[in-house]
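Asker: Questions regarding the structure given below will be posed in turn.
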Amino acid sequence: MASKTKVQYVCTECGFESAKWYGKCPGCSAWNTMEEEVRSTATAAKRVNAAVSSSVIAKPVGLHEIDSTEE
Ligand SMILES: [Zn+2]
């Protein structure tokens, strides 16, 4: 379960990404610029949003179809 969450370290100076934390960035040689970034939670939130918006769009279409058949 814990392995689902991927932690990346990203340099705030040059954007260098690594699975390992560095005191000195290998990309730009700056010190203490690597910040922890959790990835998989953002992807999961996007999937939930897509599912919610599609169900919201589907509702008014269904109501409109019922109205036109009644007339
Ligand atoms: Zn850097």
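The values are calculated or read from the model by the stated rules, or taken from the named source; none is laboratory data. What you see is a predicted model, and the numbers here were worked out from it, not measured in a lab. Here the Cβ positions follow ideal geometry from the backbone for every residue, glycine too, while neighbour counts run over all protein chains shown.
Asker: Got a sec? Which of S68, S18, S40 is modelled with pLDDT of 60 or more and within 14 Å of the ligand (Cβ to nearest atom)?
Answerer: It is S18.
Asker: Which of the following residues is modelled with pLDDT of 90 or more, surrounded by 10 or more Cβ atoms within 10 Å (Cβ to Cβ) and among the polar types (S, T, N, Q): T5, T33?
Answerer: Among T5, T33, only T33 is modelled with pLDDT of 90 or more, surrounded by 10 or more Cβ atoms within 10 Å (Cβ to Cβ) and among the polar types (S, T, N, Q).
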